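Enquirer: Can you read through this structure? Questions will come right after.
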Amino acid sequence: MFTEVDDREIRVIFGYFPVYSWVAARRDIVEAKVVEYNALKEYGGWGIKGFPTNALCTRGNLGVLIKLKNGRTMLVGSQHPDQLLKALHLPNATTPLSTSSSEY
């Protein structure tokens, strides 16, 4: 899974040969927060998950939960969620957990 944030959007590409991609305009993000989750219990395992909260996760138990203007949510699993949250530059972002690395 590859996550990229630029000045316009966040992009998540799933798989070595892109099987699935998710893109959201940064202007459409109303809230984002670092969360700890249980992939098996909350989403039925790792991978590309759907209703009620969408999730893209490959391993671990940390990620950034993103809420969009249209009410949809997406959990983006990350080994470095605090850095991903910081890259989004949102005024209402919360970071209760901390890691240290230069990758998302």
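The values are calculated or read from the model by the stated rules, or taken from the named source; none is laboratory data. Just so we're clear, the structure is a prediction, and the values are computed from it rather than from any experiment. All Cβ positions, glycine included, derive from the backbone under ideal geometry; neighbour counts span all protein chains shown.
Enquirer: Give me the residue from the stretch 62-104 that is in contact with an Asp or Glu (Cβ under 8 Å, 6 or more places away or on another chain) and β-branched (Val, Ile, Thr) and, out of that set, modelled with the highest pLDDT.
Expert: Ile66
Enquirer: Does at least one position in the stretch 50-59 carry a residue that is out of contact with any helix residue (DSSP H, G or I) (no Cβ under 8 Å at 6 or more places or on another chain) and under 16 Å from Leu90 (Cα atoms)?
Expert: No; the residues of the stretch 50-59 include none that is out of contact with any helix residue (DSSP H, G or I) (no Cβ under 8 Å at 6 or more places or on another chain) and under 16 Å from Leu90 (Cα atoms).
Enquirer: If you take the residues of the stretch 47-86 that are of a type in the set (D, E, K, R) and in a loop (DSSP other than H, G, I, E, B), which of them is surrounded by the fewest Cβ atoms within 10 Å (Cβ to Cβ)?
Expert: For the stretch 47-86, the residue satisfying everything is Arg59.
Enquirer: Could you run through the stretch 21-46 and say how many residues are surrounded by 12 or more Cβ atoms within 10 Å (Cβ to Cβ) and either at pLDDT 90 or above or part of a helix (DSSP H, G or I) (or both)?
Expert: Of the residues in the stretch 21-46, 15 are surrounded by 12 or more Cβ atoms within 10 Å (Cβ to Cβ) and either at pLDDT 90 or above or part of a helix (DSSP H, G or I) (or both).
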